[in-house]
Amino acid sequence: MKRRLAVLFVLIAVAGSIFYLNKFSTTDNHPILISGNTMGTSYHLKIVPTPDSLIDRQQLNAQITARLDDIDHKMSTYKTDSDLSRFNRQSAGNWVNISSETYFVIQAGQKISQLSDGAFDITVGKLVNLWGFGPTINATLVPDPATIQQLQSNIGYQKLELQEQPPALLKHSEQVYIDLSAIAKGYAVDAVTLVLEQNNIDNYMVEIGGEIRTHGHKNVNQPWIIGVESPVTTERAVQKVLHLGTAAMATSGDYRNYFEHEGKRFSHTIDPRNGYPIGHKLASVTVIADSCMEADALATALMVLGPERGMQFAEDNTIAAFMIIKQGNGFAERQSHAFAPFFQR
Ligand code: FAD
């Protein structure tokens, strides 16, 4: 019996020390890197521990994965059992209950639709799918103009009604199909940063599919240095270097997700006001805002509005926006006043 107890004690001690070492091993100042795939793209986290922080890397990883899976299962149009897909299948005139989290993101999207006068519009999903940028069809063909017109005239954020308690949605047109691709990735970045904060982590960079949030500092008292991608399709290059302290940043562009037909580029950003992919010279827009959800949606809104109206909109609303505009064989850059403080000095 004594021998058994002694063996048990040794086992507990070993298990305890493994657990302790697992936690202890991350208390040095080396950055912790976490990465994976979610929402049809990848994510990367960089965490800089402080000398007194005790981070259980495995547990943190599990919490982040669970959080991202949860958002994906609520807000994806790529999953048939998500909140969104259940609503999208429902016919007009019926209230559909949704999670309070999905409601929160949809409500935020509706506010940006109002602010941008419909340039940003989450009800654009059927047009996104028609142009081949959704979950079902691959983008290669230009759709029939009559079908575009028919869909365009039957969508719109005003055709979507929200009920706060219990959270529910109702569509006033059969063609309303919600697509949160231009806002939910940003929301997911915000949600992951909350997980980090609940774990008392102060210095971090979270990136999901190009949408980024930073807090605190990289190394000792150095700000996070983030590159804005050059809007070229042939390589991954940095156009501009930004110094971020605590900030959220998102970029929308026409250079990754598009198809070409008869020498013309058709991008995945759709102008809900005419039903066609944007056709101006704006190649990418980067927005810095308080939340990544807001930055994500505003970047798409500005991408739709284009270089002139978009920049005016940014100035009118004190939005920190950086635009890369096609000019001849190269690019021109333009920034709003609120963006200037983020450039490398
Ligand atoms: P952004 O500029 O941020 O958004 C562009 C997208 O927004 C378009 O592709 C379109 O869907 C939509 N949009 C276009 N015009 C407008 C407009 N005027 N107003 C509002 N929205 C507009 N992709 C996969 O391939 N597989 C997956 O399993 C998958 N799952 C996903 C799950 C979730 C929860 C989300 C949010 C996205 C998922 N995606 C998936 C989509 C993929 O990540 C998208 O490519 C991405 O969200 C688009 O982001 P972006 O930064 O490239 O473009």
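The values are calculated or read from the model by the stated rules, or taken from the named source; none is laboratory data. Remember, it's a predicted structure, so these values are computed and weren't measured experimentally. Note that we place each Cβ from the backbone using ideal geometry, even for glycine, and neighbour counts take in every protein chain shown.
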Qualifying positions in segment 104-118 - within 11 Å of the ligand (Cβ to nearest atom) and farther than 19 Å from SER173 by Cα: VAL105, ILE112, SER116
When residues of segment 57-103 are filtered for being under 24 Å from GLY132 (Cα atoms), out of contact with any Lys or Arg (no Cβ under 9 Å at 6 or more places or on another chain), more than 9 Å from the ligand (Cβ to nearest atom) and not in a helix (DSSP H, G or I), how many remain? 1
Does segment 58-80 hold any residues that are within 14 Å of VAL105 (Cβ to Cβ) and acidic (Asp, Glu), and which are they? ASP70, ASP72
Every listed condition ((1) at pLDDT 95 or above; (2) within 10 Å of the ligand (Cβ to nearest atom)) holds for LEU282 save (2)
Under 6 Å between Cβ atoms, which residue pairs at least 6 apart in sequence (or on different chains) link something in segment 129-151 that is touching a residue at least 24 places away in the same chain (Cβ under 8 Å) with a partner that is surrounded by 16 or more Cβ atoms within 10 Å (Cβ to Cβ) and not in a loop (DSSP other than H, G, I, E, B)? GLY134/VAL128; ALA139/PHE259; THR140/PHE259; LEU151/LYS126; LEU151/LEU127
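Against the condition on the phi < 0 side of the Ramachandran plot, within 20 Å of the chain's Cα centre (by Cα) and surrounded by fewer than 17 Cβ atoms within 10 Å (Cβ to Cβ), how does LYS74 come out, does it pass?
On the way: on the phi < 0 side of the Ramachandran plot: yes; within 20 Å of the chain's Cα centre (by Cα): yes; surrounded by fewer than 17 Cβ atoms within 10 Å (Cβ to Cβ): no.
Answer is no for this residue.
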Residue tally, condition more than 16 Å from the ligand (Cβ to nearest atom), among the β-branched types (Val, Ile, Thr) and either in contact with a Pro (Cβ under 9 Å, 6 or more places away or on another chain) or within 21 Å of THR41 (Cβ to Cβ) (or both), over segment 202-258: 3
Check off (1) surrounded by fewer than 20 Cβ atoms within 10 Å (Cβ to Cβ); (2) aliphatic (A, V, I, L, M); (3) within 15 Å of GLY109 (Cα to Cα) for ILE183 and give me the number that stays unchecked. (1)
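Just for segment 43-56: of the residues that are touching a residue at least 60 places away in the same chain (Cβ under 8 Å) and not in a strand (DSSP E or B), which one is nearest to LEU33 (Cα to Cα)? Give the steps one after another, and end with the answer.
To start, the set of residues in segment 43-56 that are touching a residue at least 60 places away in the same chain (Cβ under 8 Å) comprises 43-50, 53, 55.
Cutting the leftovers down to not in a strand (DSSP E or B) gives us 48-50, 53, 55.
Details: VAL48: 9, PRO49: 11, THR50: 15, SER53: 16, ILE55: 12 Å.
Checking each candidate, the answer is VAL48.
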